[in-house]
Every structure is written in C-alpha cells, then in structure tokens.
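One structure is given here, and the rest of the page talks about it.
The values are calculated or read from the model by the stated rules, or taken from the named source; none is laboratory data. The model shown is predicted, which means the values in this text are computed figures rather than measured ones. All Cβ positions, even for glycine, are placed from backbone atoms using ideal geometry, and neighbour counts span all protein chains on display. Surface accessibility is based on the protein's heavy atoms, side chains included, excluding ligands, DNA and RNA. Shrake-Rupley method; radii C 1.70, N 1.55, O 1.52, S 1.80 Å.
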Amino acid sequence: MDLLIRKASIRDNPVLVDLAIAGGRIVAIEPDITAPAARIIDAAGRVALPGLLEPHIHLDKALLDRRMPAQTGTLAEAIRITGELKRHQQRADVLARSRAVLDMAVMHGVTALRAHPDVDPIQGLIGVETALELKAEYADLLDIQIVAFPQEGIIKAPATLDLLNEAMRLGADVIGGCPYVEPSAADAAAHIDRVFDLAARWGAPLDLHADFADDATDPRFATAGLIARRAIETGWHRRVTLGHVTSLAALMPDAAAPVIDRLAEAGIHIVSLPATDLYLGGRGDAASPRRGLTPVRRLRDAGVNVAFSSNNIRNAFTPFGKADPMLIGNLLAHAGQFGTAADQAYVIDMCTINAARAMGLAADYGLRVGARADLIILDTMDAAAMLADLPLRAFVIKDGRVSVTATQACVIHRKRGSASMPAE
Ligand SMILES: [Zn+2]
C-alpha cells in the first residue's frame with residue numbers, strides 16, 4: 001500500500017475509518033487497517049472529503065484587477081476595461097496569472113477544475129494554448145478540463161467557428177457557448193444550433209454560459225428551455241452544463257416550472273456562479289436589488305443537478321475570490337438561504353459529487369473503494385460545521401500523492417493545547 005490515512009471522519013459514517021490507497025486509488029475503507037504502508041497520515045479524527053471541484057473558472061481573465069483598476073465598479077466599466085485588456089493578452093502573462101490561480105486552487109483542496117478560456121478573433125487561441133500547457137504542467141496536482149468558450153459570440157463573430165474547431169483539434173475537451181451576446185433572439189438560437197453541431201462533430205460535452213440577466217424579458221436571456229430541448233433531441237442527455245442561468249430566478253413559479261422540468265428531463269447540469277452573479281446582479285434595481293442567483297432550491301427539488309464555482313477571480317466583473325470552493329459555498333449558502341444542517345450538507349455536495357457529475361467525473365470520484373484517491377483532510381473534527389468554519393485544508397491528496405501539507409495549522413493547535421494535528 002502506498003498511503004494509509006488513519007482515523008478519518010467521513011460524512012454519514014458514525015465511526016472513524018482508515019483509508020488505504022494504492023496505485024492512485026482507494027483500495028479499502030475500514031476501521032483499523034493493519035497492512036503496511038509506505039506512508040501513514042494520522043488524521044486524528046479530522047474530516048476527510050473527496051477533492052473539491054471548480055467546474056467553471058476563467059484562468060485567462062483572472063487577476064487583472066490591478067492592471068487597469070476599476071474606478072466606478074459598474075458593469076459598463078467592467079466590459080470596457082476587460083475588453084481593452086483582452087486585446088493585449090501576452091502568453092507569458094496569461095501563464096503567470098493562470099498559475100497563480102491554479103496554485104490557490106491546489107492549496108484549497110481543488111483536485112479538478114474546468115477552465116473556460118475565451119476563443120474569439122480578439123485573443124485567438126492564446127487562452128486554450130496556455131491552458132493546454134498548464135494541463136500538462138499541473139497534471140500531478142489537479143486535472144484541468146478545457147472549454148473552448150466563444151465569449152464574443154459566433155454569429156456576430158463568424159471567424160470564431162474556425163477557431164472553435166481548431167481549439168478542439170488542439171485538445172480542448174468541451175464545447176462552450178454564450179448565446180446571450182448575440183444581437184437577436186434568432187441569432188442566439190442559431191448560436192445554440194452551432195454549438196450543438198460542434199458537440200456532435202467532436203463527440204464532446206457542452207458547457208454554455210446562459211441566461212445571465214436579472215429577468216427573462218429579453219428572449220436572448222431565456223434560452224434554458226430551448227437548450228434543454230436541443231439536448232433531448234440530439235441525445236446529449238447529461239452532457240450539457242449551463243453556467244449562471246440567473247434570469248430563471250425572476251420567473252414566477254408557474255412560469256419557471258416547465259423550464260425547470262425540461263432541464264431535469266434533459267439531465268442538464270446547472271453551475272451557479274454566486275460571486276459574479278451577486279456582484280453584477282440587480283444593478284438596475286432602484287430598491288431592494290435582486291440577489292441574482294439561479295433558483296438553486298427549486299432546481300434541486302425538481303431533480304436538477306446543481307453545482308457552483310468561482311467563475312472569475314479578481315477582475316472587473318468579480319473583484320474577489322481565491323479559488324476556494326468552500327468560500328464560494330459559504331457565499332451561496334448566505335445568498336441562497338441554505339442554512340439548516342441538511343442545506344449545509346447539500347452545499348458541500350454541490351462542490352463535490354454534484355460538480356463531479358457536471359464535469360463527467362462521477363464514475364471515478366468520491367470516498368469509496370475503487371475511486372481515484374483525490375481527497376482532502378480538513379482541520380476540523382466537525383463535518384456539520386465545515387461551511388461555517390471554512391477549515392484549513394490540512395492535507396490535499398491527488399492520485400494518492402500528498403500535494404499540500406498545511407503545517408501552520410499544527411502550530412496554532414499546539415499553542416492551544418488541543419488534540420493533536422494530523423501527523424505522519
Ligand atoms: Zn464564466
């Protein structure tokens with residue numbers, strides 16, 4: 001055995017267990033495993049979780065907040081600033097900022113991440129090419145999936161179609177989409193048709209930015225039902241993910257129900273992006289500004305798989321963030337009113353198993369025998385309080401290898417004289 005984790009607390013299990021890891025997989029989960037191991041970690045009752053996931057993140061546009069600092073914080077300014085900066089993207093700079101985000105993610109226990117680099121005539125393929133380089137560079141720390149994301153549209157920027165095909169030829173994993181940037185409802189529908197055609201051509205899953213608005217009065221921002229119908233027609237069941245989908249929250253229950261039912265029927269995964277959605281949503285509301293989140297509870301209750309992610313990290317659209325799913329989960333729990341014990345457990349599911357389903361990783365994921373040994377040990381004994389405590393990730397383990405050891409926690413605990421920290 002390569003690694004033995006002793007006395008870990010795992011969710012929904014009343015007794016502490018040992019986890020045996022060999023060949024990058026979990027091979028046993030039992031109390032008191034006695035077989036010899038090359039390395040032993042004593043979790044001392046601390047909580048183990050499967051690796052955290054970031055199913056929607058923009059590496060190429062991250063950490064731009066100090067390049068051209070926002071003066072007013074408005075959405076119009078954010079579009080202007082980011083558009084200007086994107087025109088001057090340099091490969092080395094994109095790599096450096098992307099690495100800074102990936103390092104944050106690894107430190108916070110992220111073991112797989114889906115990047116959405118822009119693919120358009122402005123920055124060409126620089127976002128995809130740098131993401132591919134980083135996918136190889138970070139392979140022993142986290143898995144990177146790459147979405148070819150047509151941020152500037154396809155119908156209004158026709159050269160994008162060739163770039164999307166080239167991105168897939170280079171090795172991108174997923175076809176992206178952004179129908180709401182097209183100038184008309186007909187063009188948004190045509191955009192959706194194009195990306196489904198691309199998905200069929202490349203046999204790839206789809207992950208679209210969709211319905212990112214405060215209300216659904218403009219049909220370009222009310223495409224979720226149409227996308228679900230296309231997923232059913234094309235047989236892309238459970239292979240389509242939608243990010244944002246905030247306008248759905250503005251519909252009254254009777255109007256939302258048929259859309260939500262169709263999303264469930266199509267097996268569409270929804271990824272809420274609360275940092276961006278809260279920051280940009282409700283800007284036009286003179287009083288009681290809207291929260292701007294997709295209706296997570298109604299989607300969940302209808303059987304839709306819902307996850308969340310960081311989206312942007314520190315740019316004019318999202319000035320905060322550190323690629324920590326726990327932090328975003330805490331934010332979503334506040335804004336979406338997920339505070340009961342069951343609700344908090346669901347929020348943890350959202351950034352673990354639900355995100356794994358959205359990323360197509362579920363078959364190999366989780367704290368169970370046979371799954372990949374991607375897991376974290378948190379500096380807390382109390383699984384029920386994770387979302388409140390936001391505990392340090394004491395150990396991060398990727399494919400059975402320890403990638404992060406948060407030693408500073410040991411110092412604090414020794415000073416307090418409390419129970420011993422995870423030790424080797
Ligand atoms: Zn996004």
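So what is Rg over Rh here for the chain, counting just Cα atoms and using Kirkwood for Rh?
0.97
Using just the helices of the chain, give the 222 nm mean residue ellipticity in deg cm²/dmol: DSSP H runs with n ≥ 4 each add -39,500 (n - 2.57), and the total is spread over all residues, rounded to 500.
Estimated from H runs of four or more residues: -10500 deg cm²/dmol.
In the chain, how many lysine pairs have Cα atoms under 27 Å apart, counting only pairs 8 or more places apart or on different chains?
Counting lysine pairs in the chain gives 13.
Within region 312-327, list the residues whose amide N lies under 18 Å from a label point set 7 Å along Cα→Cβ of residue 11.
Counting backbone N atoms under 18 Å from the label point, the list is 324-327.
At 1.4 Å probe size, with no ligands or nucleic acids counted, give the accessible surface of residue 34 in Å², nearest ten.
Result for residue 34: roughly 130 Å² accessible.
What is the Cα centroid distance between region 156-204 and region 223-275, reported in whole angstrom?
18 Å
Among 165, 311, 13, determine the one that fluctuates most according to a GNM of the chain built with springs between C-alpha atoms less than 10 Å apart.
Comparing 165, 311, 13 in a Gaussian network model of the chain, the most mobile one is 13.
Need one value: the accessible area of residue 327 in square angstrom, 1.4 angstrom probe, rounded to the nearest 10.
Estimated to the nearest 10 Å², residue 327 gives 60 Å².
Using only the heavy atoms of the protein chains and a 1.4 Å probe, how would 202, 236 rank by accessible area, largest first?
Largest to smallest exposure gives the sequence 202, 236.
Work out the FRET efficiency for residue 388 and residue 229 from their Cβ-Cβ distance, taking R0 = 45 Å, and round it to the nearest 0.05.
Calculated value: 0.65.
Between residue 75 and residue 28, 0.36 nm times their residue separation minus their Cα-Cα distance comes to what?
Gain in length upon complete extension: 11.8 nm.
Once you place label points 7 Å from the Cα toward the Cβ at residue 381 and residue 237, how far apart are they in nm?
4.7 nm
State the extension gain, in nm to one decimal, for the chain segment bounded by residue 193 and residue 38, taking 0.36 nm per residue of separation less the distance between their alpha-carbons.
Computed gain between residue 193 and residue 38 is 50.5 nm.
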